[in-house]
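The values are calculated or read from the model by the stated rules, or taken from the named source; none is laboratory data. Predicted, not measured: the structure shown is a model, and the values here were computed from it. Neighbour counts run over all protein chains shown; Cβ positions are idealised from the backbone, glycine included. All accessible areas refer to the heavy atoms of the entire protein, side chains included, with ligands and DNA or RNA removed. Shrake-Rupley method; radii C 1.70, N 1.55, O 1.52, S 1.80 Å.
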Amino acid sequence: MRLRTTYKQILTISAPIMIGSAAQNIITLTDRIFLFYLGVDDFASIGFVSVFYLIVAAIGFGFSRGGQILIARSAGARQDVEAGRTFHSVFMFELFLSVFLFLFMTYGCYYLFELLVDSEVVFAKSLEYVHTRKWGVFFSYTGVALISLYTGIARPKFLIYDTILLAVVNIVLDYVLIFGYWGFPEMGIAGAGLASTLAEVAAFVAFVLYMIYDKENRRYQIFRWPQIDWALIKEQYKISIPLVAQPLIGLGSWFLFMAIIENLGEEALAITILAQMVYLVLSIPTWGFSAGVGTLVGGFIGHKKRQAVIPIVWKTGIFSLLVTMAITIPFLMFPYSVLTPFLGEEGIPLIQKAIPVFYVLAGTLFVFSLGSVVFSGVSGVGASAYALKIQTYGIVFYLAYIYILVEYFQTSLAWAWAVEIFYWLIVGLWSLWYLYSRRWHGKL
C-alpha cells in the first residue's frame, strides 16, 4: 500500500464494504416494507423486534471488526500466513458465539420481551419472528468472519455480488412466505424471519463457493485445519470488546429513544419508525467508509507508516461526507417520489408529517458522515477502549437530552431527533482531538 492513497483506492475498498455492511439494513428494510402492507400490528412488531436483531447482528459484526483490524495489520506487513491464522481464530470465535446467541434467543427472549413489551400482540408476534429468525445467527456470525478476511486483505469486491444475492433472495421469499403466494403457507411475521434466515444461508454458501474457487487466497492457507490459538483469540477479544460495546450502546440507546418517543404518542412513534428506515438507507455509505478506514489505517500501521493515518482519515471522512450528501439532498427535494413507491398512497399522510424530521435527519447525516469516520479511525489505530470511552460519555448526554426534552418539556419530534446531531458533534470532535494528540502512538 502506498503512502499516498487516492480517492479511487478508498472507494475500491469502501464501496464493497458499504454494500456488504448494509446486509442487515437491507433485511430490516425489506421486512418492514412488506409487513407495512400486512397490517399495523405486524409493522409495529417488526419495528421493535428488528432493532433487537440488529443488536444481535452487531455483536457478531463488532467481533469481526477486531479480527479485520488484526488481519489488515498482518496483510500490510506481508505476513500472509499470520493473516490466515487470525482468520481461523475469528471464524472459530464467531462460531462459538453464534451457539451462545442461538441458545439465548431460544430460551431467553421470552423473558426479555416480557420485561420490555407492554402490548400482548407485539410480544407474541416478536416471539414468532425470533422463532424462525434465530437459525440465521449461525450463518450471520460465521459469514462476517469471511467478510473480515476479505476486507482485512483489501479484496472486498465479492461482497457486492453476495449482498445483491442476499437482497434478492430475501425480497422473493418475503413476498411468498409473508403473504402465502405460489402455494406457500401464509406465515406473516414468522415468514419474514424465515425468509431472512434462508437469505443468509444462500449468501453464506455463495461466499464459501467463491472462496473455494478463489486462487489468490491460497497464500493465506485458510483451508488448513485450524488450530485454536488462544493467545490470538485473546488479542482479538481485547480489541473487539470495545468494538462490540460501541454498537450495543448505540443501538441500545436507539431502542430507549423509541421507548421515550412513545410518550409523544403513536403518531410520533410511527414517524420515528419511518425516519429510522430512511436513516438506515442514507447512512449506508458512511458505514462503508467507516469500516473501510479501519482497513486503510491497519494497512499503514502494518507498514510502520503511522504519519499517514490522520491524512487518510481526513480524506476518507470528506469522501464520506460528499457521497452521503449526494444522496441525501435529492431525497430532501423529492421525499414523496422516493417513498410513495414503497409505502403506497396510504403512506402519504405519514410522509407529510415526517418532513420536519427529515430536515433534521439531513443535519444528522452531515455531521455523522464525517464524525463516524474519524471515530472509526480511533478504533483503527488500536485505541478501541478509548473509543468506547468517547461513545459512553456521548450516550450519557444523548439519553439525558432525550429524557429531559421529552419528559419535562414535551418537545416536538424534530427537536428530539436533533440529539443525533449533538451526539455526533461530541463524538467526532473528541475523536479528532485524540488522533491529533498522538497519544495512540504508544499503543503501536
Q: Kindly flag which residue pairs out of Lys8/Lys157; Lys134/Lys389; Lys8/Lys315; Lys8/Lys305 have an alpha-carbon separation exceeding 22 Å in this structure.
A: Lys134/Lys389
Q. How many nm is it between the label spots at Val99 and Lys389, if each spot is 7 Å from the Cα in line with the beta carbon?
A. 3.6
**Q.** In order through the range 132-139: 3J(HN,Hα) via Karplus (6.51 cos²θ - 1.76 cosθ + 1.60), integer Hz, x for Gly, Pro
**A.** 9, 7, 5, 5, x, 5, 4, 7
**Q.** Full-stretch length increase - Gln307, Tyr210 - with 0.36 nm per residue and alpha-carbon distance subtracted
**A.** 31.3 nm
(Q) Given a 1.4 angstrom probe, I'd like the percentage of the accessible area of the range 102-141 that is carbon and sulfur, rounded to a whole number. (A) 65
Q. What ³J(HN,Hα) values, in whole Hz, does the Karplus curve 6.51 cos²θ - 1.76 cosθ + 1.60 give for the range 213-218 when θ = phi - 60°, with x put for Gly and Pro?
A. 8, 7, 6, 6, 8, 5
**Q.** 3J(HN,Hα) from dihedral phi, the range 367-375, Karplus parametrisation 6.51/-1.76/1.60, rounded to Hz, x for glycine, proline
**A.** 6, 5, 4, 8, x, 5, 5, 4, 4
Q. Taking the Cα centre of the range 293-444 as the origin, how large is its charge dipole in debye, to the nearest 20, when only Lys and Arg (+1) and Asp and Glu (-1) carry charge on their Cβ atoms?
A. 1080
Q: Would you please put 85-97, 394-406 in order of how densely packed they are, using the mean number of other Cβ atoms within 10 angstrom per residue and starting with the highest?
A: 85-97, 394-406
Q.
Between the range 401-431 and the range 329-360, how far is it from one alpha carbon centroid to the other, in angstrom?
A. 23
Q) Under 20 Å Cα-Cα from Lys215, which aspartates and glutamates qualify once same-chain neighbours fewer than 8 residues away are excluded? A) Asp80, Glu82, Asp162
**Q.** Volume per residue that the Cα convex hull of the range 50-206 spans, once the total is divided by residue count, Å³
**A.** 101
(Q) Let me check I've understood the local charge: for Ala414, count other residues with C-beta under 13 angstrom from its C-beta, Lys and Arg +1, Asp and Glu -1. What total comes out? (A) 0
